[in-house]
Amino acid sequence: MKLKRFKPIPDAKRNLLMRLLIGSTALVVGITAYSSYQVVRNTMLESLKRNAFLEVQQGGDDLDRWLSNLKTHIETLASTPAVRSMDWSQAEPYLKAEVLRFSDSYEIVTARSNGLRNVIGGGSINIWDRVYFQKAIAGHTNISDPLISRSLKLPAIIVAAPIRQEFDTASVPIGVVQNVIRLDRIAQVVNNVRYGDHSYAFALDSNGSAIAHPDPTLMLSVKNSTSNLAQATDSNLAAIAQRMIKQQQGIELLPIDGTLKYVAYLPLKEANWSMALVIPREDIESKLRSLDVIALVIFGLAGTMIVILWQVQALEQRQLKQSKEVLEQRVSERTAKLSATLEQLQRSQLRLVQSEKMSALGSLVAGVAHEINNPVSFIFGNLNHVREYVGDLLDLLQLYQKHYPSPHAEIEQQAEAIDLPFLVEDLPKTVASMRMGADRIRQIVLSLRNFSRLDHSEVKPVDIHEGIDSTLLILQHRLKATSDRPEMQVIREYGDLPEVECYAGQLNQVFMNILSNAIDALEEQEARNLECSPLTIRITTQRYGSDRIRICIADNGNGMSTAVQQRIFDPFFTTKEVGKGTGMGMSISYQIVAEKHQGSMWCESAPGQGAAFWIEIPSCALRNSEGTVPAEALAA
Amino acid sequence: MSIRRRAFLQAGAGTLLASIAHGCVQQSQSSPTIAITDTLLKQIQQRGYLLVATEDDYPPFEFLVNGKPTGFDHELLDRLRKQVPFEIRQEIVPWQGLLPGVAEGKYDVALTAAVITDERAETLDFTTPFAESTIAYVKRKDDASIKTLQDLADKALGAQQGGASFAAVPDLEAVLKQKGGKLGPVKQYRKFAEAYQDLLNQRLDAVLHNIVSLSVLVDEKPAIFGLGERVGRKSYAAWAVNKGNQELLNFLNGFLGDLRQGGELKKLQEKWLKITFDQLPTEPLLPGDRPLRSISASPIKR
């Protein structure tokens, strides 16, 4: 029997779907997370860059404030009476004291409008060619680019202011007062601008020369005249220097000295200088490291979660598969059980039908046999008298013939007409023949009763041989020769069997089935016109062990193939033409032997070698095991 | 999923997490280059860090620029920090509390230019000196009358009241006397700034001060001052530790010794002190190049 199964999505497909779902969710979440991470990171980076720029700006502001103070200071000095007097002997002590008071100052001196500058301790130097002097004498307080002081031979910057006779700023300057400032003071201010451990700041003058730089070789000194960063070998650095000269500002990520660095730069207000802060990329981006770490951790956790989910899903799939397998197994077990039950039921039904049929047939046969038995008894019983009377009458007739040799002509005529001599001769024979026929009828009736055994439908000790003989008697007509074939010979090789306790009627049915099949097989063989050995059915009985008997019914027909043998006891299996056999005979026989008698039944055959059916049953076991079995149970 | 693949995935995830954790924990650590003894390390670990004390206003050794500590000693401290596997904490304290704090064990090291004196050597141990603290003189640059030490005879001198510079006056007097001259008037000042002012105003002809301070002054005001010769016994500046802390002393000496041998010390002197010392002793010496051990063997009573 086949159960109708509902059709689920195939496992592989569902698995794939599930994984696709997990995968795509992970992808979407991943992309979202990554883009938000990028947004946050960029925002943070921008803010960090702004901070870095603010740092430079603050440094620049510091420097500007300092420069502004320098300018204010020199302007204040320019308006003091001692300086205005333009009398060096008067101004020198005052300016010296100012130098001592003012820590950043190397020296403060005045220059006349012709460019001749006073030198401490006497003498003079012409500074007409100096740009700062020209600017100052033109009326502008200004700060020079780094230069080597002509009197001190030291690198310095100079803050120069015009000296005017009066406070009127429009008046023509009468000289210039100038403060010679230590260059390294600027370096100190600039070097303090930091952003992280590995950053450094530098400042460039209006030409791109270093005012302050951590690399002393770049700095202006007595030994190395000047080094212009705008012409540096590092093209990126040179580009930055160019932008700084142009007084631009910004923050950029550039490869400098082989590594990527941020450079923040802006111009100063008080001088045509520019200041820059070089920050290694890590210094700024290390602040983002915690973010990166968090992102990594989240990424790792998410990855782990996906893996776990994946595994959980796989586990579920496995369990689902397992439980499905178990379910399927159960279903198939149930199905098998159900179909077995159904089969059993069908078989029981068939057996019931057959049994009913047999029972009905048995009743019929028994009834008929009983009904026939009486008349046959009359006939058989009276036939003796008939024979005596006929003998008496014939004796009387002979006496008449002896004593009246010449009877009346009419009598002689009649005697001749009826052929009296023949009649006298034949009548006893006829009676004998009738007696024989009646006897046959009597025997058949006995056999029928014996076969059906309606009166013996319980376990009884019976003579198996009697059963076989009865069956053969019933089948007598089929054994006889026909126009197509010779008579079949039945060879009985009966052993010394005890009375066997069995359901005799049922066993007779078994013999009937096997013998019918054997006759069919022999007829078939004849029909096929095979070699003409005598058609024989050999019936052997024997004891087997102490308490079992064996019956073998063998024919020398065509035999069976192995395939047929394997199915010979299956219900509804038949090799006969449609309508000739039910396919139930052997099956029922098997059940009778195996189930009712706890015996066994098997077949030995090969194609062309005939077939032998063996029945083995216990001779007395039934009583021991089951006792008396009611007829109803047998029917079931 | 096969067990094998699962194991791989788990191992992968584990490695990832481990590397993240490792990344979190690991910090850039410079490898120590100075040998540190286990006992010293234990000693430092007891406190948890090495505590050093520096002065707030002692240019060019220690001073503040825009509120940030800087100077010769700070640069040395920065270098030291990069070479040790432990934390170094710094406390900036006034000079008056610095050496007593180290003597009491409040601080591990007086990371300042402490002049090695007989008195201090009784309670403190000193490292090898990294600078001279000898007294010298400064004059006006345009004063041609002073060219050598004996030109100081009969000149008006300035010195700090009760300071080392004033203590060097007898040495100068002895030298002048030896050359046939005699000491002129010596004026004492509370602050050197006032002395320099008077020097500039020609009320003084020379000011006595330690050679480092003077060389820095002259470097700053090259137009007005000129550095003269040493006038007194040679004395030296070094770091100080609590007396008997030989392990720590050896460790610091190792650090300073490496700097001196590598030429780094000379560069730092040039940068900050504006003067270099070619023949610094390799052990702490008392003023006048007297060895310390004789003192500790038989302490002089004062």
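Can you name every residue in segment A:173-190 that is closer than 15 Å to A:N69 by Cβ and in a strand (DSSP E or B)? Those that are closer than 15 Å to A:N69 by Cβ and in a strand (DSSP E or B): A:N179, A:I181, A:R182.
The test for being farther than 30 Å from B:K82 by Cα and in the same structural domain as B:K177 (by TED's automatic domain parsing) holds for B:L204.
Yes or no, residue by residue, for (1) without any contact (Cβ under 8 Å) to a residue 60 or more places away in the chain; (2) under 30 Å from A:H198 (Cβ atoms):
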| position | (1), (2) |
| --- | --- |
| A:L17 | yes, no |
| A:S24 | yes, no |
| A:L48 | no, yes |
| A:E55 | no, yes |
| A:Q58 | no, yes |
| A:I74 | no, no |
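A search for C-beta distances below 9 Å between a residue of segment A:97-111 that is closer than 18 Å to B:K191 by Cβ and more than 7 Å from chain B (Cβ to nearest Cβ) and any residue that is among the small types (G, A, S) and assigned to a helix (DSSP H, G or I), counting only pairs 6+ apart in sequence or on different chains, returns A:R101/B:A193. Looking across segment A:122-146, the residues that are exposed (fewer than 14 other Cβ atoms within 10 Å of the Cβ) and among the small types (G, A, S) come down to A:G122, A:G123, A:A138.
Number of residues in segment A:154-206 that are aromatic (F, W, Y) and either touching a helix residue (DSSP H, G or I) at 6+ places or on another chain (Cβ under 7 Å) or within 14 Å of chain B (Cβ to nearest Cβ) (or both): the value is 2. Figure legend. Inter-residue proximity from segment A:586-610: first residues more than 27 Å from A:E501 (Cβ to Cβ) and in contact (Cβ under 8 Å) with a residue 12 or more places away in the chain, second residues part of a strand (DSSP E or B) and acidic (D, E), beta-carbon distance below 8 Å, spacing 6+ or different chains. Indicated pairs: A:G610/A:D555. The criterion of at least 1 residues that are surrounded by fewer than 20 Cβ atoms within 10 Å (Cβ to Cβ) is met by the following strands (runs of 3 or more DSSP E) wholly inside segment A:208-277: A:250-256, A:259-267. Scanning segment A:599-608 for residues that are surrounded by 14 or more Cβ atoms within 10 Å (Cβ to Cβ) and either among the polar types (S, T, N, Q) or more than 17 Å from A:F511 (Cα to Cα) (or both) yields A:S600, A:S605.
Residue by residue, here is whether (1) away from chain B (no Cβ under 14 Å); (2) of a type outside the set (A, V, I, L, M); (3) within 24 Å of B:L217 (Cβ to Cβ); (4) free of Cβ contacts under 8 Å to residues at least 60 places away in the same chain holds:
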{"position": "A:L70", "(1), (2), (3), (4)": "yes, no, yes, no"}
{"position": "A:S113", "(1), (2), (3), (4)": "yes, yes, no, no"}
{"position": "A:N118", "(1), (2), (3), (4)": "no, yes, yes, yes"}
{"position": "A:L147", "(1), (2), (3), (4)": "yes, no, yes, no"}
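Looking at A:A340, A:A302, A:A314, just one residue is assigned to a helix (DSSP H, G or I), within 14 Å of chain B (Cβ to nearest Cβ) and at pLDDT 85 or above, and that residue is A:A314.
Annotation note: of A:S199, A:S206, the sole residue that is more than 60 Å from the chain's Cα centre (by Cα), hydroxyl-bearing (S, T, Y) and assigned by TED's automatic domain parsing to the domain that holds A:I143 is A:S206. Selection of segment B:122-159 for residues being surrounded by fewer than 21 Cβ atoms within 10 Å (Cβ to Cβ) and either of a type in the set (A, V, I, L, M) or in a strand (DSSP E or B) (or both) yields B:A144, B:I146, B:L149, B:A153, B:A156. Restricting attention to segment A:14-33, the residues being within 15 Å of A:E316 (Cα to Cα) and not β-branched (V, I, T) number 6. Applying the condition of being away from chain A (no Cβ under 14 Å) and at pLDDT below 80 to segment B:16-59 and asking which residue is nearest to B:A238 (Cα to Cα) yields B:I34.
Taking segment B:216-241 as the range and being among the hydrophobic types (A, V, I, L, M, F, W, C), at the interface with chain A (Cβ under 10 Å from one of its Cβ atoms) and farther than 23 Å from B:W95 by Cβ as the test, the residues that pass are B:A223, B:I224, B:F225.
Scoring A:V119 on the criteria (1) touching a Ser or Thr at 6+ places or on another chain (Cβ under 7 Å); (2) hydrophobic (A, V, I, L, M, F, W, C); (3) crowded, with 21+ Cβ neighbours inside 10 Å leaves a single failure, condition (3). Kindly provide the set of residues from segment B:201-213 that are within 14 Å of chain A (Cβ to nearest Cβ) and surrounded by fewer than 24 Cβ atoms within 10 Å (Cβ to Cβ), ordered by number. Hits for segment B:201-213 are B:N201, B:Q202, B:R203, B:S213. Would you confirm whether any residue within segment A:353-376 is farther than 30 Å from A:M586 by Cα, surrounded by 10 or more Cβ atoms within 10 Å (Cβ to Cβ), hydroxyl-bearing (S, T, Y) and in contact with a helix residue (DSSP H, G or I) (Cβ under 9 Å, 6 or more places away or on another chain)? No, every residue in segment A:353-376 fails to be farther than 30 Å from A:M586 by Cα, surrounded by 10 or more Cβ atoms within 10 Å (Cβ to Cβ), hydroxyl-bearing (S, T, Y) and in contact with a helix residue (DSSP H, G or I) (Cβ under 9 Å, 6 or more places away or on another chain). Among the residues making up segment A:108-128, those that are out of contact with any Pro (no Cβ under 8 Å at 6 or more places or on another chain) and assigned to a loop (DSSP other than H, G, I, E, B) are A:N114, A:G115, A:V119, A:I120, A:G121, A:G122, A:G123, A:I127, A:W128. Among the residues of segment A:300-325, those that are surrounded by 13 or more Cβ atoms within 10 Å (Cβ to Cβ) and β-branched (V, I, T) comprise A:T304, A:I306, A:V307, A:I308.
The values are calculated or read from the model by the stated rules, or taken from the named source; none is laboratory data. Keep in mind that this is a model prediction, so the values were computed, not measured. When we count neighbours, we look across all protein chains shown, and the Cβ atoms used for this are built from the backbone with ideal geometry, even at glycine.
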